[in-house]
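In what follows, a single structure is set out as structure tokens and then discussed.
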Amino acid sequence: MTLRGELRRPMLALQRRAALGLRPFTAPVTFFIPLGISLGPWGLGIISPQTLAHLDVVVTLALATLGVFIGVAGARQAPAMPRLFAAASLEGFITIGVVAGAATLLLGTWGVPLDLPAVAVALTLGVCASASAAPAAEQGGDPEHEIASRVADLDDVLPIVLGGLVIGIANPAAPVGPVAAALAILVGLGTAVCGWLLFERAEGSAERAVFVLGCLALLGGAAAFAGASPLLAGMAAGWFWVIAPGESDKLVEGDLARLEHPLVVLLLITAGASVRPDLLGVWLFVAYVTFRLSGKLIGGWAASRLAPDVAPSNLGAYLIPPGVIGIAFALNFAQVAPTAGGSVVFAVALGAVLCELLTLAVVPADRRA
Amino acid sequence: MRRPLALALAVALTWLVVSGPAGVGALRPTALAIGFALIAAALAGSLVKRFGLPRVTGYLLFGVVCGPYVGNIITTPMARELQLINGLAVVLIAFIAGLEINFARLRPQMHAMVRFGSITLLLLYAGLFVFIWLAWPWLGIAPALVGLQKLAAAGLLAAVVASFSPTVTIALIAESRASGPVSQMTLTLVILGDLILILLFALLMQLGRFAFGGSGDVGLFESVSWEIFGSFAFGAAAGGVFALYLRHVGRELTVALIAFCAVVATAGRTWHLEPLLAALAAGLVVENIAPPRGDMLKDAIERSALPVLVVFFAAAGASLQINALAVIGIVALAVSVVRLLLIRSATFAAGRYAGLPPALAGWVWMGLVSQAGVTLGLTLIIAGEFPTWGSQLQTLSVALIAIHELVGPVLFRSALVRAGEVGRMDTLGPPALEGVPLDTRDL
């Protein structure tokens with residue numbers, strides 16, 4: 001194959017990620033994170049620290065929205081494909097283990113002073129690392145690609161549950177980890193019931209949009225205010241709307257689809273603008289990228305034992321693109337633990353950009369043939 | 001049954017979270033306040049609609065009942081966070097108002113409108129000034145003032161008391177899907193009336209500075225001129241850019257509209273412009289110079305306006321200082337009654353002079369009762385400039401706003417119902433109020 005043809009394939013793979021309806025040349029992360037950095041306090045200063053504080057509400061809304069989407073996807077796919085769900089969870093667990101284990105060891109070795117337990121920072125990095133976003137598979141396309149795409153959808157469930165515990169550990173004002181996670185689920189279910197009572201009986205689409213937006217803000221806002229994870233609350237609500245009688249899940253999905261793009265863009269720009277270079281962040285960045293790649297490859301290899309239609313060497317490679325969930329969780333962590341959170345956001349945001357760029361090089365072998 | 005149950009659930013959930021220990025020292029409660037206000041205020045709006053009241057009244061009542069002065073489910077920090085959306089909401093509402101004023105369509109009635117509006121405003125202001133001058137010793141503001149000082153203070157108070165609320169007017173017209181001469185006349189009168197009152201206010205502030213021994217420099221007049229003409233120029237330019245976006249890009253309009261409102265609101269704060277005027281000018285440019293093709297703008301406004309308005313009015317209700325009524329209730333009630341009588345008689349006289357049908361003037365006055373943001377803004381300027389007596393004036397003004405913000409929407413809705421204009425936007429379509437954008441059956 002010519003050099004041109006060799007370069008063309010990964011480019012096409014990236015172009016398939018036609019996120020945001022804009023058909024970007026690469027994934028949105030690689031465009032909007034640098035844009036956020038350049039607009040933020042460390043760049044042109046257009047997004048000032050005060051503006052960033054106001055954008056907290058956007059982060060909370062985006063966390064709840066992403067949680068709902070994951071909950072809806074999980075509730076639909078997990079019971080239908082238990083083996084894939086198990087594979088995805090195994091892959092996620094291994095990645096969290098590799099990254100969190102290595103980070104705990106390194107943080108202990110470096111002796112960096114932290115304002116919260118090193119294990120909380122390490123677990124946060126692990127949770128951020130385990131989320132992945134394989135390129136969306138085309139209808140009737142490559143089955144291996146399709147399986148990888150489903151694993152990527154399902155591998156966010158475990159990190160979000162663990163993330164609910166981590167937020168409880170990291171936030172001194174919050175209840176202890178398991179109580180914080182239970183609180184997030186309770187907030188999620190309470191709001192979900194409220195929405196379920198309203199969505200199908202709304203007097204027209206505009207009123208329903210108000211209810212959906214209200215539920216979303218209540219999910220994120222109540223969870224965040226109670227010191228719990230908005231992602232977990234959103235996931236619990238999404239899960240409930242799928243299993244509850246009626247069509248709440250479809251109505252929510254339809255209305256949230258309009259919000260998703262702007263919220264994700266704002267989330268990524270906020271993450272970019274929140275990047276604050278410091279020594280700990282640089283060290284964490286190196287560890288994050290290195291051990292995330294290792295974790296994904298090992299986890300993908302192990303998970304392929306449960307997902308028989310995908311080659312062991314390929315699944316991990318498919319799962320390298322990190323998507324936005326990891327970044328969202330890092331921002332959530334920074335909300336409750338600003339000092340260490342700044343370093344984590346630095347590592348995860350820049351790590352996400354690097355991982356997206358690395359997918360240019362790491363393309364499954366059979367797709368090169 | 002489902003709605004009351006959902007309302008109870010939302011209230012219980014928010015109350016539990018707000019009163020729980022974990023909230024202490026946690027994140028800012030912006031999202032929580034917005035979420036609770038959206039669900040509960042929207043439900044309160046649909047509840048009061050069953051009693052023939054406008055939904056806006058439900059949003060306001062929800063804010064009052066749950067706000068820091070009564071139920072305290074929306075705590076003071078939450079109410080403060082809700083105010084963040086005010087800037088955005090005012091811009092959006094003014095932009096919608098601009099979109100509703102089509103000069104080509106108004107031209108045949110322009111002469112009658114100008115005559116009716118100018119006489120109404122003149123009589124209202126003059127009547128209020130005379131009343132305030134005579135009743136000055138009993139208003140509890142600064143009874144000892146005499147001469148030029150009394151003249152300036154009474155003139156300023158008359159301007160404050162005479163001012164209207166474009167936001168409530170627009171929201172009511174949109175909510176009722178109203179179309180026809182009453183809605184058109186009221187809207188035009190409220191907007192132009194407030195513009196003239198703001199100009200008059202600037203002149204009176206100069207007089208006040210001179211009378212109270214200030215420097216008497218032209219700083220305030222210059223700044224008000226900048227606010228008015230600069231705002232119009234900026235708004236026209238912003239409207240032009242937005243019209244170009246509509247015509248040549250036309251994608252992600254909801255996001256573009258919200259971003260446009262955020263830019264105008266931020267520029268207003270940064271450059272000391274008046275966002276309401278800038279957004280009004282932008283709407284006028286879009287409607288009269290570069291109208292969008294098709295319904296894309298209407299659809300975008302339908303999607304974005306309702307949540308913004310619900311939160312805006314809920315926030316307004318939560319910030320209504322009901323305690324001000326307790327302090328100065330009787331005086332405020334007396335001023336309010338006089339204002340109502342003057343509005344009624346001024347519109348009656350102006351209607352006869354302008355040759356309008358008596359029924360029209362008999363309904364339009366009900367749309368001039370509401371007061372909100374403009375009134376409060378003028379009051380705050382006075383309180384900042386003349387702290388010795390401005391704070392007492394502020395207490396009276398806040399009490400008046402509390403009365404008129406609750407009574408005004410009910411009266412205006414009643415006028416629209418009696419004039420048979422409710423819902424005519426759907427049956428008549430474009431000719432009466434082309435392009436009025438909200439699908440307010442859903443408001």
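Here, each number is a calculation from the coordinates, and none is a lab measurement. Keep in mind the model is a prediction, meaning the values are calculated, not measured. We place every Cβ from the backbone using ideal geometry, glycine too, and count neighbours over all the protein chains shown.
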Given axes a ≥ b ≥ c from the Cα gyration tensor, I'd like to know whether chain B is rounded (a/c under 1.5), prolate (a/b larger than b/c) or oblate. rounded
Quote the charge dipole size of chain B about the Cα centre in Debye, to the nearest 20; the model charges only the Cβ of Lys and Arg (+1) and of Asp and Glu (-1). 780
Quick check: pseudo-label points 7 Å beyond the Cα along Cα→Cβ at B:L106 and B:S391, how many nm apart are they? 4.1
Most exposed first by the Cβ proxy, i.e. fewest other Cβ within 10 Å, how do B:Y353, A:Y288 rank? B:Y353, A:Y288
Ranked A:V344, B:V311, criterion: other C-beta atoms within 10 Å, fewest first: A:V344, B:V311
If we count other beta carbons within 10 Å of each Cβ, what is the order of B:H404, B:H248, A:H261, B:H111, fewest first? B:H248, B:H111, A:H261, B:H404
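At 0.36 nm per residue, and after removing the present C-alpha to C-alpha distance, how many nm does the segment from B:W15 to B:R2 gain when stretched out fully?
Contour length minus Cα-Cα distance gives 2.7 nm.
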Using unit Cβ charges (K, R positive; D, E negative) and no other charged atoms, how large, in debye to the nearest 20, is the dipole of the protein assembly as shown about its Cα centre? 920
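Can you work out the FRET efficiency for the pair B:L380 and A:D115, with r the C-beta to C-beta distance and R0 = 35 Å, to the nearest 0.05?
The calculated FRET efficiency here is 0.25.
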More than 48 Å apart: what percent of Cα pairs in the protein assembly as shown qualify? 26
Helix-only [θ] at 222 nm, chain B, -39500 (n - 2.57) per DSSP H run of 4+, per residue, nearest 500, equals -26000 deg cm²/dmol
How much net charge surrounds B:P166 when only the other residues with a Cβ under 14 Å from the Cβ of B:P166 are counted, with Lys and Arg +1 and Asp and Glu -1? -4
Whether segment B:1-97 is rounded, prolate or oblate, judged on the alpha carbon gyration tensor where a/c under 1.5 counts as rounded: oblate
